[in-house]
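Notes follow once the structure below has been shown.
The values are calculated or read from the model by the stated rules, or taken from the named source; none is laboratory data. Please read all numbers here as calculations on a predicted model, not as lab measurements. For neighbour counting, all protein chains shown are included, and Cβ atoms are generated from backbone atoms with ideal geometry for every residue, glycine included.
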Amino acid sequence: MEQVFAPWRIEWIRREDKNPDIEDCVFCELPEQGSDRENLLVARSEHAFVMLNNYPYNPGHLMVIPHTHTGDYTALGDDILLDHARLKQRTFDALTAALEPDGFNAGLNLGDGAGGSIDDHLHTHVVPRWQGDTNFMPVLSETTVIVEALEATYEHVHDAFAAQDGATVPDADSAVVFE
């Protein structure tokens with residue numbers, strides 16, 4: 001039997017307060033905290049932002065999230081939809097440059113029945129995939145193996161966003177900004 005060894009995750013598991021500064025909606029509050037690197041926000045645009053998923057399916061699992069607090073995709077205005085779509089394009093480009101995946105799974109979980117854990121603030125999952133990246137672990141033991149720490153993935157993806165046209169980086173701990 002093989003063992004999965006991920007000692008860096010114990011600090012996350014043992015923390016006292018799972019979201020110490022969150023009172024209401026994590027997707028509304030994290031971008032306002034000014035701790036982009038700590039909160040794993042890698043890129044921002046006028047109406048949306050990109051952050052790493054704390055519970056990734058694969059390395060590089062990102063979420064593109066509009067600032068508008070709604071679970072109803074049809075409630076988003078044209079300017080927000082266009083900005084969200086453009087930031088998704090930038091996300092595919094950044095992940096391709098940073099991690100060289102063979103493909104992507106991307107989509108939204110809308111509503112209670114869709115299986116998402118946060119259904120009142122929509123977000124698009126972008127999951128890089130590689131040929132042969134699935135194995136017996138999820139099927140037999142309901143376990144996924146993430147081969148890279150979130151902090152290392154953040155660095156790769158942040159650098160790839162920063163290299164794109166129109167990108168600015170206000171400081172070392174800030175997300176990449178697209179005007």
If you scan the range 89-121, which residues turn out to be within 17 Å of G71 (Cα to Cα) and of a type outside the set (A, V, I, L, M)? G107, N109, G111, D112, G113, G115, G116, S117, D119, D120, H121
Take the conditions in contact with a Gly (Cβ under 6 Å, 6 or more places away or on another chain) and either within 24 Å of R129 (Cα to Cα) or buried (at least 20 other Cβ atoms within 10 Å of the Cβ) (or both) and apply them to L95. Does it pass? yes
Restricted to the range 113-125 and to residues being touching a residue at least 60 places away in the same chain (Cβ under 8 Å) and crowded, with 21+ Cβ neighbours inside 10 Å, the residue nearest to V26 (Cα to Cα) is H123
Out of all the residues in the range 149-167, is one or more within 17 Å of the chain's Cα centre (by Cα) and at pLDDT below 85? yes
Just to verify a result, which residue in the range 41-64, among those that are hydrophobic (A, V, I, L, M, F, W, C) and over 14 Å from V177 (Cα atoms), is surrounded by the most Cβ atoms within 10 Å (Cβ to Cβ)? L62
Can you spot a residue in the range 121-131 that is among the hydrophobic types (A, V, I, L, M, F, W, C), part of a loop (DSSP other than H, G, I, E, B), modelled with pLDDT of 90 or more and under 20 Å from A106 (Cβ atoms)? yes
Output for the range 72-92, where each listed residue is over 20 Å from D165 (Cα atoms) and exposed (fewer than 15 other Cβ atoms within 10 Å of the Cβ): D72, Y73, T74, A75, G77, D78, D79
Among (1) surrounded by 17 or more Cβ atoms within 10 Å (Cβ to Cβ); (2) outside any helix (DSSP H, G or I), where does A106 come up short? (1)
